[in-house]
Structures are given as C-alpha cells and as structure tokens.
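In what follows, a structure is listed as structure tokens, so that the remarks can point back to it.
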C-alpha cells in the first residue's frame, strides 16, 4: 500500500447516470447496483478525468492508502483491447496531466508489443478556411454600446465571436479583466431577458455539459481564463435539469486548479424561464 490520490464516490449523491464511466479510460469505474463504484485501486490513476462529467458532483479525489496504480495492467486489460482511438486518448490524457512516469510506462508497453505510438502520428495539415466568421475572433463592443434600447427591438448584448467554449481563445481580449458568463446552451432560449439582465457587459462562453465532448479541454480553458486572462468573476448559468450541474462542477474544479482565486456565482434557470437560484458559491 502507498499513500496516493484516488477517486472517491459519494453514494448519497450518485444517481447511477453512467456519465463518468465512458470518461474513465482506465476502466476503474463501473455502475453496480445502481451506483458508480471504484472497482479497483489498481486502475485509478487519480488524475480526475471523470470529475467534470458527474452532474451531481458525486465524484472527488482523495488522498489515502491504496494499492499502487498499475499502468501496464491498465494498458493490457482496459486500453489496448479497445483499439487505436482509446489508446491515443489515454496517452493524451496522461500527457496533458503531466503524468510522465505513467506515460513512459505506457509507451514502453506499446514498444514491447510492437504497437506504434499513436501520439506520433503525423497530423494532417488542416484545410485553410476563408471567409467563415467561425474561424475568426471578433470583438465588437462599440457597436453594442451605440445601440438604442428605447425602440421596440431589444438590442443584442453580445460583444464577441465565437462564443462556444470549444472555439473561444481563453485569453481573448473580451475576457481580459472582465466578468464572464459561462452559460449552458439552453439557458438563452429559456430566459426571455437573457441579454438585458445577464449578458450585458460580460464576456460569454457557452457549453453543454451532457452532449459536448472533450471536457478536459473545457477545464483547461477555464483555468487559463482565470490565470492568464485574469477574469474578474465567473457566473455559471445552468438549467434545473440534473445533467446541467456538470457545468458548475467544471467551473469549480477549474477554480480549485487555478492559481488565482475569483468569485463564482451560480444561476439556475427553470424550464419555464424562471430564476430558481442565484447565489455565490
């Protein structure tokens, strides 16, 4: 036994939704008797890729006495048999978390088995995109400021493009020293006064904690917004449905990982457009 970080599951909070299972490449989590279970300390690397995928916040990392993590066994039993893409994702997961010792063990295993390192594949040169607004970062605060709010058509308060968290540069000018609204996709459609009451004067990022892939990238971007763009505050707007809580979990995880400390507010929107909760967390 050694003292190290491993996953901890709060069974009272866990609903058995299975959101965490596919995001644990190491195969440490399974749904048993309606609850997520850590089936073996041997398979948990303690890096927490599953944290942002739990809509109930039932998963955390604790430091305790546990069996040493066995990277070679994970590769042999749970990674390589699932194919090329899973192997590549697992290696990238270790690399991006700075788990260099585990990564070296995984690469040694691949070499011994005569399997090519998927991280060394030559990436295709992306096709040049011309003329698409989605490929260009834009900030337009002046146009918004000049609009008159007295007419029948309420003006947009959007001051940037793009808005989707996968696409936004985390250090964009519209985040620098600004208050930022991180909104679940559905909230703007549910709230009639989304622009006037909640978006005005803020940088915006939108995401879906249930359907979007690559949420580890989301976590890294939020950390960069806090530490590099030096945002002033983060308001997380989510719907009342349970899966939406994953977005708040991502935000609080990023705040814990970041070096700077910022205030975080949660706004919970009902499916009929009412504000059910608004408080600093």
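No value in this document is a laboratory result; all are computed from the given coordinates. Nothing here was measured: the structure is a model prediction, and the numbers come from that model. So basically every Cβ, Gly included, is an ideal-geometry build from the backbone, and we count neighbours across all protein chains shown.
Cα-based values for segment 48-110, radius of gyration first and Dmax second, are 13.0, 37 Å. The sum of -39500 (n - 2.57) across all DSSP H runs of n ≥ 4, divided by the residue count of the chain, sets its helix-only mean residue ellipticity at 222 nm to -6500 deg cm²/dmol. The Rg/Rh ratio of segment 2-120, with Rg taken over Cα atoms and Rh as the Kirkwood radius over Cα pairs, comes to 0.97. Name the residue, out of 188, 104, 258, whose mean-square fluctuation peaks in a Gaussian network model built on the chain with Cα pairs under 10 Å. Of the options given, 104 has the highest mean-square fluctuation. Where both bridge residues fall in the chain, DSSP classifies roughly 55% of the beta bridges as antiparallel. Between the Cα long axis of helix 215-227 and the first principal axis of the chain there is an angle of about 60°, rounded to the nearest 10.
Can you figure out the FRET efficiency of residue 115 with residue 240, using R₀ = 35 Å and their beta-carbon distance, to the nearest 0.05? Calculated value: 0.15.
Once you order the gyration tensor axes a ≥ b ≥ c over the Cα atoms, which shape class does segment 204-277 get: rounded for a/c under 1.5, otherwise prolate or oblate by comparing a/b with b/c? Note, shape of segment 204-277 comes out oblate.
Classify segment 148-281: rounded, prolate or oblate, from the alpha-carbon gyration tensor (a ≥ b ≥ c, eigenvalue square roots; a/c under 1.5 rounded; otherwise prolate if a/b is larger than b/c)? Cα axes put segment 148-281 in the oblate bin. With a Förster radius of 51 Å applied to the C-beta separation of residue 67 and residue 196, the computed FRET efficiency comes to 0.40. The C-alpha atoms of the chain define a longest principal axis, and helix 245-257 lies at about 80 degrees to it.
Length available on full extension from residue 177 to residue 37: 0.36 nm per residue minus the Cα-Cα distance, which gives 46.3 nm. Across every direction, the projection of the convex hull enclosing the Cα atoms of segment 1-54 has a mean area of 3.7 nm². Here the simple spin-label model places points 7 Å from the Cα toward Cβ, and for residue 60 and residue 108 these points are separated by 3.5 nm. How far is helix 84-96 tilted off the main Cα axis of the chain, in degrees rounded to 10, range 0 to 90? Tilt of helix 84-96: around 70 degrees.
Using C-alpha pairs below 8 Å separated by at least 6 residues, the relative contact order for the chain is 16 percent.
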